[in-house]
Structures are given as structure tokens and as C-alpha cells.
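FYI, it's all coordinate maths here, none of it is from the lab. What you see is a predicted model; the values in this text were computed from it and never measured. Don't worry about glycine lacking a Cβ; one is built from the backbone with ideal geometry, like all the others, and counts go over all protein chains shown.
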Amino acid sequence: MTSVSTKSVLMAAVLTGLATSAFAQGAAPTPWELKSDMAYAYGRDGKTLAYQLGTNNAGLLLKGAKKVPKGTLFFIGQNGQLYMRSGPYLEGDGKFMFGSE
């Protein structure tokens, strides 16, 4: 497997999360279930991919990878492009500030 950055892994997971009802009107947010032995990618063609990780090249996988900051929001724009935003996305009462309500 070629090197996949942590950012790419998390972006692919976001796509999976956005495809669920977590952001549907009135639905409560649900946590992602990322597995430590899997890698998730958002490919150059816009497709999401999942890979089973091995241990023989774990150092190569981490080389050049960056941690995703806490408080980062991922979303798909109307143009189909994946975006990320660092900053507030919850109201003071804990509601999603960009929801349909």
C-alpha cells in the first residue's frame, strides 16, 4: 500500500459519516467508528476507499502525516468537493450552527 496521510484517512471517514442521517433534520449526531487497523482515503477521483493496514510499513504511513486538530468539521459542498473547517460549528446550547433549523 502506498503512503496515505491521516488527513486523507479522516476525510474519507467524513464522507461516510455525511452519507448517514447524522446531519438530517432533527437527527442527533452520531460518533464515527474508525478502526485502528484500517486506512480511509478520499481518492483523486472523489471516491472513498478503505484499506486494511499491515504493520510492515507503518513508519512509512506516518511519515509526512499530520494530526487533524480537535474541533475540525468536514463537509461536502454543493459542488461535491470535500471541505474542512477549523473553528466553531456548535451554538452555545450545543446545537449544530449550520443545520436546517
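In table form, for the structure just shown:
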{"read-out": "Under the Karplus curve 6.51 cos²θ - 1.76 cosθ + 1.60, θ = phi - 60°, whole-Hz ³J(HN,Hα) for the range 42-48, x wherever Gly or Pro sits", "value": "10, x, 4, 8, x, 8, 9"}
{"read-out": "Calculated FRET value between Gln81 and Thr55, using beta carbons and R₀ = 41 Å, to 0.05", "value": "0.75"}
